[in-house]
1. Out of the residues in the stretch B:88-107 meeting the condition of being more than 14 Å from every other protein chain (Cβ to nearest Cβ) and of a type in the set (Gly, Ala, Ser), tell me which one is nearest to B:ALA75 (Cα to Cα).
2. In the list B:GLY177, B:GLY212, which residue meets the criterion of being more than 14 Å from chain A (Cβ to nearest Cβ), exposed (fewer than 15 other Cβ atoms within 10 Å of the Cβ) and modelled with pLDDT under 90?
3. I'd like to know if the stretch A:451-467 contains one or more residues that are at positive phi and surrounded by 21 or more Cβ atoms within 10 Å (Cβ to Cβ).
4. Would you check which residues across the stretch A:200-218 are in contact (Cβ under 8 Å) with a residue 40 or more places away in the chain and in a helix (DSSP H, G or I) and list them?
5. Looking only at the stretch B:83-111, how many residues end up being over 14 Å from B:GLY42 (Cα atoms) and crowded, with 18+ Cβ neighbours inside 10 Å?
6. Could you tell me which numbered condition A:VAL407 fails, if it satisfies all but one of (1) assigned to a loop (DSSP other than H, G, I, E, B); (2) aliphatic (A, V, I, L, M); (3) buried (at least 17 other Cβ atoms within 10 Å of the Cβ)?
7. So A:LEU214 clears everything in (1) within 24 Å of A:ALA410 (Cα to Cα); (2) crowded, with 24+ Cβ neighbours inside 10 Å except one condition, right? Which one?
8. What's the number of the condition A:VAL380 fails, among (1) in contact with a His (Cβ under 6 Å, 6 or more places away or on another chain); (2) modelled with pLDDT under 85; (3) hydrophobic (A, V, I, L, M, F, W, C)?
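The values are calculated or read from the model by the stated rules, or taken from the named source; none is laboratory data. Worth saying up front: this structure is predicted, and the values here are computed from it rather than measured. FYI the Cβ positions are ideal-geometry reconstructions off the backbone, even for glycines, and counts take in every protein chain you see.
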Amino acid sequence: MGAPAPSQPKRGRRPTPPQASDGSFEPFHRWFADRGWKPFAFQTEVWEALAAGSSGVLHAPTGTGKTLAASLGAIARSAALAGDGAAGGLRVVWITPLRALAADTVRAIEEPLPTLQSVAAGWSVAARTGDTSTGDRRRLRENWPAILVTTPESLSILLSLDDAHEIFSSLETVIVDEWHELLSTKRGVQTELALERLRSLRPGLVSWGLSATLANLDDAVAALVGPSRAAAARLVSAAIPRKLEIETLIPEPMERFPWAGHMGMRLLPQVVAAIDRAATTLVFTNTRSQAERWFDALRSARPDWSGAMALHHGSVDRELRSRAEDGLRSGTMKCVVATSSLDLGVDFGPIEQVLQIGSPKGISRLLQRAGRSGHAPGAVGRLVCVPTHALELIECAAARGAVAEGVVEARVPLTAAVDCLAQHIVTVACSGGFREEELLAEVRRTRAFADLDDASWRWAIDFAARGGPALAAYPDYAKIVERFGRWYIASKALARRHRMSIGTIAGDATVEVKWLRGGRLGTVEESFISRLNAGDRFLFAGRPLVLFRFDGLTAWVKRSRATIALQVPRWNGGRMPLSTLLSSAVLDLVRDATAPGGITTAPREVAAVLPLLEIQSRWSRLPDHDTLLVETWQGRDGHHVFVFPFAGRLVHEGLAALVAWRIARSTPSTLTLACNDWGFELSGPDAVVADERAWRQLLSPVNLLDDLLACLNSTEMARRHFREIARVAGLVAGGSRSDRQTQASAGLIFDVLAEHDAGNMLLAQARREVLEQQFEFRRLHDAVEAIAGKHIRVVSTPRISPLAFPIWAEFVQSRLSTKDWLARITDMARDLEQAAGKP
Amino acid sequence: MRIDVADSLPLAESSADILLLPGRAAFLPASATLLIGDVHLGKAATFRRAGIAVPEGSAQADLARLERLVATTKARRLIVLGDLFHARGGCTAQVFDEFAATRARIAGTEVMLIVGNHDRVIGKIPPSLGIDSCMRTHDEPPFHFVHEPATELPEPGRTCFTIAGHLHPTVSITASGRDRITDRCFVAEESLLVMPAFGSFTGGHRMRHVAGLRFWIARDDGVADVTRLAEFSATSVR
């Protein structure tokens, strides 16, 4: 994370620690002193560790000066090594997760260099990412900078070059920025493999990860340096308490039958007032569609802000995004509406407050977003939660409580990603080849592949050499070939193709949105645009548009004068489930608030929803840690069962599918499923199982994995998920569009593999990843185990209870057209309010 | 033009003009002609040569299916509506040999190839393959056979029914709830039938539903008319 330069003096109250004996930190202190600052203890600690040749992880909140700790530390290490006599060349590789961050990172590292001539004479910084032009890449190759800022993909490409060992021959240090972001992803696995490769090329290499605080920092260390070196690695904490104020907007009057999306816009006047009181506000939403809606609503509410407002999400064109970022930096923006696209990034300076629309769903996300504000000298970070339905008020309170207690979630690194291994094997083969046993030993030094068995390794080598173990199935295929005990890439053309495929980013088929008169607006998913007809109006990049023509590659649009009846693109993904920590905290809050006298100590948010909880306990019962609540209700449209495991949306999707499948196995029936973060619903024309014993069996952990695989129609899901795996393993051609003869969809390749090479490990990986990513299998497993130890209470409710109502609303929403479901839910909520009587 | 789904044998006695068969083929009872399109032989080999590990097997399975179709329909003639081969790079000796072997096993059937855009880049088709005639279009009233339906329509004013390939049509239908099924299909309008791609290792192009179009999902084990479902899926809000 970038150095929040202006805030440094206010926090630098700690005594200056002793300098290194060789005095090499003296220029650093001078640079700090010139600005009236002093280094933090953690900064000098990292300098010392680096100078002494130790690796480790530095964890600190957003915007506390991690960049300066690492960049100056790397310079200190270089100075300490000066005896080696290596002059010039690449000294430091700085890995950043987003190429959009590279330019800012270069600037932040460069800043102190001019005054550090005594220790870093002639040092320069440059970036090499997917955005770097061919010309710039060539110039880089002729003259490497001392510090190279790059992405995991770009680093892998460098490692695949013939002369990789030359390029990295003077490398001393690798810094991995935002390590927590990479950690639980395949790019993290790719980074682990690349780091281990670099260590083989440069045995003395030192690596540091810069991370936000995580519950499992030990894993973060082990993944960065490899499990065998973890004991010797350092874990440095920047224990700077950042002042953070979190408040929640509470709607008046509070409705008792909440449903997602409904309440949010009712808070618009309060949101406008909150934005009005601050100079610059960053408004975060959880999805891109929400961002579009809120941007539109805010602009309609305050047309006078329109010049000082911007929309920022992953589908908006890069140029429009940078304009928003520049506006934030220069302080000319009143407000920017963003999604997680602005979660990361070097400091944006004068943001006074952050608004979070919808529950933050996780504590680490809340901290990350809150950390975007209050970087001005002496400022306090301020975050305002804007719940989109009443129950989210409890989630906001739970998140606030967790922040106060200092707890945060874990991020578990991935293991056994065969696709990454297959890609890495070819990468190394491109660059001078490898001996099998040496590369295997190297790969096993990473955390990701520490437990790699011989059979899997054998399979990966076979996959690269012959396509797969079924030799006859892959005639004429060889990506790598063995010569005198070493494996090499089979041809230069294959090496070129491989490099191209490393850089490609997977995603759903997207379509560019362009003005008819010229200029790009961004990209939307093809599935959305292909449902529109010419003349249809929609909202995108914060503008009302009308579709003029869609020619398969580009959606040509004009500005729409009418601003009503606009459709909003739905983008896949982006809906994060409520974290385990938060859902447990929600149950605590409910328990405490409804205990005798609890109302006096309950947080404001929870006090506001007490009437809702009161009806819940009257019509059904309150959820708690020791009981699984099951509600049954018969409506005009059929029988409904609501189950409340409090395990997050993804787990509930999996559980609902599992239960439906287990019911259908004994009694054929058609059930419809719906879920949210608190529970799930099954409904159908016939009565759904109602006794407790039967529910215990339906949710039993016995045969869990087999049943899940069987019920999820796993082939279809795995087929859809295969895209990313196919790309990483080089099964779908990346890059060049010109090569039409070898274009194929991942789905098609999946079918051919399933039919003709069923033992392909990439298929097994796809199934495993579907389970984990679609349904958080580990968490689902834990949830089922926990349920086995709980009481199950089945309650028949006279009407839909307040807790069940939002799930039912989701169910109706998924079945009816927009106009119909709005009317239906509004009617229903009114009826229920009447039935509940005056509070 | 009466298009029916073939459900029972013998096909030759059907009173329909065109019968749609399981296995992505069609049959013209009047002339005992079997129709297939877009086989793309050698596509997997093209991929492997480019360093993409696609297993062998799909082409062999397609050719075996073709042999079975010829045997069950007792077709006197086979018309391939273009793109029998995928690319020059994939036309290895093995690919040609496998086709020639299949050809030899259906020796009693005449084979006619309507040349497609992919076949053109192959260059001259070797005589050893046993293809009896190659042409760009073929007129045989009431039918007009062509590869690309849009570019080589019959002369205006002539009433004939075009049968074509090239598009690799697929259709998406929304089943109960949120499930969506996308599958290969036959698609027809007033005077045009477009065949699904016969080859298993071929992609698809999703047809948007327009009034007047008819769709049949074409699977190896059956054919199903989904015109109504496609209409419903196109109009329902998801």
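1. Applying the filter and picking the extreme gives B:ALA107.
2. Values: B:GLY177 fails: more than 14 Å from chain A (Cβ to nearest Cβ).
Answer to the selection: B:GLY212.
3. Step one: list which residues in the stretch A:451-467 are at positive phi, which gives A:467.
Applying the additional criterion that residues be surrounded by 21 or more Cβ atoms within 10 Å (Cβ to Cβ) yields A:467.
Checked the stretch A:451-467: at least one residue is at positive phi and surrounded by 21 or more Cβ atoms within 10 Å (Cβ to Cβ).
4. Of everything in the stretch A:200-218, those that are in contact (Cβ under 8 Å) with a residue 40 or more places away in the chain and in a helix (DSSP H, G or I) turn out to be A:SER200, A:LEU217.
5. First, pick out the residues of the stretch B:83-111 that are over 14 Å from B:GLY42 (Cα atoms): B:101-111.
Imposing the further condition that a residue be crowded, with 18+ Cβ neighbours inside 10 Å reduces the set to B:102-103, B:106, B:109, B:111.
Count: 5.
6. So the condition that A:VAL407 fails would be (3).
7. Failed condition: (2).
8. For A:VAL380, the failing item is (1).
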